[in-house]
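Down below is the structure, laid out as structure tokens.
The values are calculated or read from the model by the stated rules, or taken from the named source; none is laboratory data. For clarity, every value in this text was computed on a predicted model and none was experimentally measured. Heads up, the Cβs are rebuilt from the backbone with ideal geometry, glycines too, and the neighbour counts pull from every protein chain shown. Please note that ligands, DNA and RNA were not included when accessible areas were found on the heavy atoms of the full protein model with its side chains. Shrake-Rupley method; radii C 1.70, N 1.55, O 1.52, S 1.80 Å.
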Amino acid sequence: MKKTLRYSLLALFALICGVANAETKVVDFTTLAITATGTGFTLDASPFTFTAEKNNGSTAPTQNAKDKDIRVYAKGSLTVASSGTMTKMVFAVSAAGKKRLATITPSVGNAVSDSTNWTVTWTSDVPVSEVTLTVGEKADYGTEGNSKAGQFDVDNVEITYEQGTAPEKADPELAFSAETAEGKVGEAFTAPTLTKKTDGKVTYSSSKESVARVDAETGEVTLVSAGTAIIEAKTPETDTYRAGTASYTLTVTDDIDISNTPETAYTVAQANDLITAGRGLDTEVYIKGKVVSVKEISTSYGNATYYISDDGTETAQLMVYRGYSLAGAHFTAADELKAGDEVVVYGKLVNYSGTYEVSTGSSIYSLNGKTKPAVDITNTPETAYTVAQANDLITAGEGLAAEVYVKGKVVSVKEISTSYGNATYYISDDGTETAQLMVYRGYSLAGAHFTAADELKAGDEVVVYGKLVNYSGTYEVSTGSSIYSINGVLSGIATVKTDAGTEDKAVFNMAGQRLSKPAKGVNIIGGKKIVVK
């Protein structure tokens with residue numbers, strides 16, 4: 001009896017000591033500043049770190065500029081990590097969050113939403129060092145009803161935790177059998193095999209669903225259109241294993257040709273059918289229709305967003321998103337386009353989160369039957385524009401649909417992504433920050449991927465091949481450009497290997513990219529340089 005009582009007292013003492021060691025801390029997000037990552041943000045509030053990700057959602061998490069609450073949108077997630085262990089978190093929902101709070105699903109433990117006191121409380125029977133909270137797709141609470149997209153907007157959080165080093169958990173050993181894969185639209189695709197040791201549930205996602213969609217539960221991939229997508233697998237932290245991620249790069253090709261001419265412009269109905277089919281959408285095409293309504297004409301940025309249909313009504317319409325005027329010129333007047341105008345638009349078709357569009361950067365070929373001669377700014381590597389000349393062309397705003405050569409010195413390198421193979425850097429004529437030009441997510445020599453973080457550095461002299469653009473006031477060489485030469489070293493195009501029997505048909509530009517037909521400027525046709533005027 002005495003022995004039993006002694007053990008009971010010891011257990012009670014241990015319990016009291018455990019409770020005594022637990023602490024609480026309030027993290028007030030409105031007094032802290034996030035670090036944006038492009039797909040979300042990070043925030044350090046020692047001993048805690050907060051990482052927010054967009055995942056498959058349409059809006060990246062952020063911190064509101066005015067109210068300073070943090071906001072995670074539908075399908076996004078907030079991961080809270082501690083140098084110790086946590087058992088409880090009570091989030092205070094902000095004023096904005098009370099409009100459309102979604103159900104919050106944790107990777108471990110339970111989360112309960114209280115729409116009376118406007119809190120979200122997470123608890124776990126087992127102390128953990130990390131938990132990921134995922135926001136539901138639709139709002140389940142709030143003043144705006146459940147038809148709206150869900151949000152998780154909070155001012156602060158009170159965390160119950162215990163200091164010290166969290167117990168080491170096992171490696172999930174999540175890995176695909178290959179780092180890269182290739183597929184062709186219309187053909188069967190077998191994904192690399194995923195192996196794991198973790199007991200956590202695997203979820204899959206695609207970085208670009210317009211190229212490849214993936215079943216979140218099974219990992220089965222559907223090839224949609226030509227391009228590149230990162231297929232990622234994730235597992236949450238469990239009682240035994242750490243959270244894990246693995247990915248592979250999928251390159252999709254598609255040999256369907258939907259190109260046309262102004263004379264054979266697609267109707268809006270045909271354009272919508274092409275978007276539904278989802279093939280060949282990396283090709284610019286002509287679409288003819290009547291303007292239904294004009295949402296916006298921005299004389300600041302020179303572009304317009306408007307809707308067209310075959311009969312000028314709202315039936316089966318198509319959005320033209322931030323397109324330019326005749327021959328790619330900037331819009332200069334708010335009444336330059338109006339309902340009832342008949343247009344032939346030239347651009348790429350896209351299904352953007354369920355909205356059928358002509359993608360940003362399109363141009364009007366004809367307006368009410370009238371065309372404007374295009375400004376030809378094409379050049380050659382030998383006549384590459386200076387950065388000053390390139391900036392002047394962007395200011396003029398005409399002819400920017402053409403790819404051109406620009407020569408300059410690297411001022412600074414903002415980022416080289418060996419994961420995606422591209423780089424963002426700045427060039428100028430003298431290598432200083434004066435009158436510089438951004439090269440946004442461009443590729444290396446002849447369009448090859450960057451493979452090393454030191455592959456490009458300040459002071460390098462480059463000739464870049466790509467499209468010029470004014471992006472929200474920033475002068476850029478648009479995404480997808482390539483480097484023709486670095487410090488005088490060329491991309492190495494001397495001859496072009498072609499398929500047997502097609503040597504007389506194969507057409508390439510000077511960046512080594514295959515074309516469906518010759519373009520203005522220097523082409524490589526059958527292995528020979530030919531100038532097309």
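Remarks
- Residue among Lys75, Lys25 that alone is at positive phi and either at pLDDT 95 or above or open to solvent by 50 Å² or more (accessible area, probe 1.4 Å) (or both): Lys75
Let's see how each residue does on (1) in a strand (DSSP E or B); (2) modelled with pLDDT under 95; (3) of a type in the set (Val, Ile, Thr):
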residue	(1), (2), (3)
Thr434	no, yes, yes
Tyr440	yes, no, no
Gly447	no, yes, no
Thr451	no, yes, yes
Val462	yes, no, yes
Val469	yes, yes, yes
Gly480	no, yes, no
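- Residue count, segment 283-294 (criterion: free of Cβ contacts under 8 Å to residues at least 60 places away in the same chain and either closer than 14 Å to Lys338 by Cα or open to solvent by less than 50 Å² (accessible area, probe 1.4 Å) (or both)): 6
- Across segment 460-485, the qualifying residues are those that are open to solvent by 20 Å² or more (accessible area, probe 1.4 Å) and charged (D, E, K, R), and the one among them that is nearest to Glu398 (Cα to Cα) is Lys467.
- Residues within segment 32-46 that are open to solvent by less than 30 Å² (accessible area, probe 1.4 Å) and in a loop (DSSP other than H, G, I, E, B), tallied: 0
- Single residue of segment 337-355 satisfying the filter (buried (at least 18 other Cβ atoms within 10 Å of the Cβ) and in contact with a Ser or Thr (Cβ under 6 Å, 6 or more places away or on another chain)) that is modelled with the lowest pLDDT: Val350
- Test: residue in segment 64-72 that is of a type in the set (Val, Ile, Thr) and open to solvent by 30 Å² or more (accessible area, probe 1.4 Å): no
- Residue identified as surrounded by fewer than 16 Cβ atoms within 10 Å (Cβ to Cβ) and either of a type in the set (A, V, I, L, M) or within 20 Å of Pro518 (Cα to Cα) (or both) among Ala334, Ala384: Ala334
- Residue within segment 276-288 that is touching a Leu at 6+ places or on another chain (Cβ under 8 Å), closer than 20 Å to Ala226 by Cβ and not aliphatic (A, V, I, L, M) present: yes
- Close pairs from segment 391-420: first under 22 Å from Ser485 (Cα atoms) and in contact (Cβ under 8 Å) with a residue 60 or more places away in the chain, partner among the aromatic types (Phe, Trp, Tyr) and open to solvent by 60 Å² or more (accessible area, probe 1.4 Å), Cβ under 7 Å, at least 6 apart: Asn391/Tyr475
- Number of the exception - Gln389 against (1) buried (at least 19 other Cβ atoms within 10 Å of the Cβ); (2) modelled with pLDDT of 95 or more: (1)
- Residue count, segment 242-275 (criterion: open to solvent by less than 30 Å² (accessible area, probe 1.4 Å), more than 24 Å from Ala229 (Cβ to Cβ) and touching a residue at least 60 places away in the same chain (Cβ under 8 Å)): 1
- Residue-level analysis places Glu179 outside the set of residues that are surrounded by fewer than 19 Cβ atoms within 10 Å (Cβ to Cβ) and at positive phi.
- Checked against (1) free of Cβ contacts under 8 Å to residues at least 60 places away in the same chain; (2) within 30 Å of Met89 (Cβ to Cβ); (3) within 24 Å of the chain's Cα centre (by Cα), Pro192 meets all criteria but (2).
- Residue in segment 195-215 that is most open to solvent (accessible area, probe 1.4 Å), counting only those that are in a loop (DSSP other than H, G, I, E, B) and in contact (Cβ under 8 Å) with a residue 40 or more places away in the chain: Lys197
- One residue alone among Ala269, Ala188, Ala277, Ala226 is of a type in the set (Gly, Ala, Ser) and touching a strand residue (DSSP E or B) at 6+ places or on another chain (Cβ under 6 Å), and that residue is Ala226.
- Gly280 being open to solvent by less than 10 Å² (accessible area, probe 1.4 Å) and in contact with a helix residue (DSSP H, G or I) (Cβ under 9 Å, 6 or more places away or on another chain): yes
- Scanning segment 147-178 for residues that are closer than 28 Å to Ile34 by Cα, at pLDDT 90 or above and among the hydroxyl-bearing types (Ser, Thr, Tyr) yields Thr160, Tyr161.
- Once segment 421-459 is narrowed to residues that are touching a helix residue (DSSP H, G or I) at 6+ places or on another chain (Cβ under 8 Å), farther than 16 Å from Gly480 by Cβ and not charged (D, E, K, R), the residue that is surrounded by the fewest Cβ atoms within 10 Å (Cβ to Cβ) is Ala435.
- Whichever residue in segment 295-331 is of a type in the set (Val, Ile, Thr) and buried (at least 19 other Cβ atoms within 10 Å of the Cβ) and, among such residues, is nearest to Gln270 (Cα to Cα): Ile308
- Condition met for Thr360 (open to solvent by 40 Å² or more (accessible area, probe 1.4 Å) and over 30 Å from the mean Cα position of the chain (by Cα)): no
- Positions within segment 326-378 being among the aromatic types (Phe, Trp, Tyr) and free of Cβ contacts under 8 Å to residues at least 12 places away in the same chain, in sequence order: none
- Filtered residue count, segment 51-69, keeping only those that are of a type in the set (A, V, I, L, M, F, W, C) and either outside any strand (DSSP E or B) or in contact with an Asp or Glu (Cβ under 8 Å, 6 or more places away or on another chain) (or both): 2
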